[in-house]
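Contents: one structure, followed by commentary.
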Amino acid sequence: MTDMTLQDLAKAMGKIDFAMLTTRTEGGQLATRPMSNNGEVEWQGDSYYFSYDDARTVSDILNDPHVALSFQGRSGLLGKPPLFVAVEGAGKIVRDKQAFAEHWTPDLERWFPQGVDTPGLVMIEVNAVRVHYWDGTDEGEVAV
């Protein structure tokens, strides 16, 4: 087993754009949906996603900030094993346009056509508390 650092893992995740974000609903059920990483996968444990303020995701996080993220990368082509990453963290809702601009990429305009000025835009910040990975036959946790 090879022990990865957070920096090693971030580098290995460099081409993963989408994550699956899981929240707990008001009724106690789990809700999972895909979210774009905005190209920000070389992280130190924090992840940023955009949504609309009236989305269920936002109300779920406001009711219970415990969230999970899952990532899958490398398709296993040419003998490379797939990479799986599971993140447990605390979500918070950010409504600051300056913070939006710091994490914005033009590709997001597909979903938010007026950019950081899109009415009802919010940013979800996930602060990781636990990161577990599976890299082929290796697995482990990295300190956050």
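The values are calculated or read from the model by the stated rules, or taken from the named source; none is laboratory data. All values derive from a computational prediction rather than experimental measurement. A quick note on method: Cβ atoms are made from the backbone with ideal geometry, for glycine too, and the neighbour counts reach across all protein chains shown. SASA here: full protein model, heavy atoms, side chains in, ligands and nucleic acids out. Shrake-Rupley method; radii C 1.70, N 1.55, O 1.52, S 1.80 Å.
Where only DSSP H runs of four or more residues are counted, the chain gives -4000 deg cm²/dmol as its mean residue ellipticity at 222 nm, each run worth -39500 (n - 2.57).
Projected label points at residue 90 and residue 70, each 7 Å from Cα along the beta carbon direction, are separated by 2.5 nanometres.
Checking every one of the chymotrypsin sites (Phe, Trp or Tyr not before Pro) in the range 67-144 against DSSP loop status and a limit of 14 other Cβ atoms within 10 Å picks out 111. Couplings 3J(HN,Hα) of the range 95-100, computed from phi: 10, 9, 4, 5, 5, 4 Hz, in residue order, whole Hz [Karplus 6.51 cos²θ - 1.76 cosθ + 1.60, θ = phi - 60°; x for Gly and Pro].
Averaged over its residues, the chain has an accessible area of 57 Å² per residue, based on protein heavy atoms and a 1.4 Å probe.
The packing ranking of peptides 52-62, 112-122, highest mean first, is 52-62, 112-122, where packing means the average number of other beta carbon atoms within 10 angstrom of each residue.
Taking 7 Å steps out from each Cα toward its Cβ at residue 25 and residue 11 produces label points 4.2 nm apart.
Just the protein heavy atoms count here, and of the accessible area of the range 6-144 at 1.4 Å, carbon and sulfur take up 51 percent. Pop the C-beta distance of residue 3 and residue 130 into the FRET formula with R0 = 22 Å and round what comes out to the nearest 0.05. Efficiency at R0 = 22 Å is approximately 0.90.
Segment residue 97..residue 62, full-extension length gain: 10.7 nm, with 0.36 nm per residue of separation and the alpha-carbon distance subtracted. Here volume of the Cα convex hull per residue in Å³ was calculated from the structure, and among (i) 109; (ii) 91; (iii) 125 it sits at label (i).
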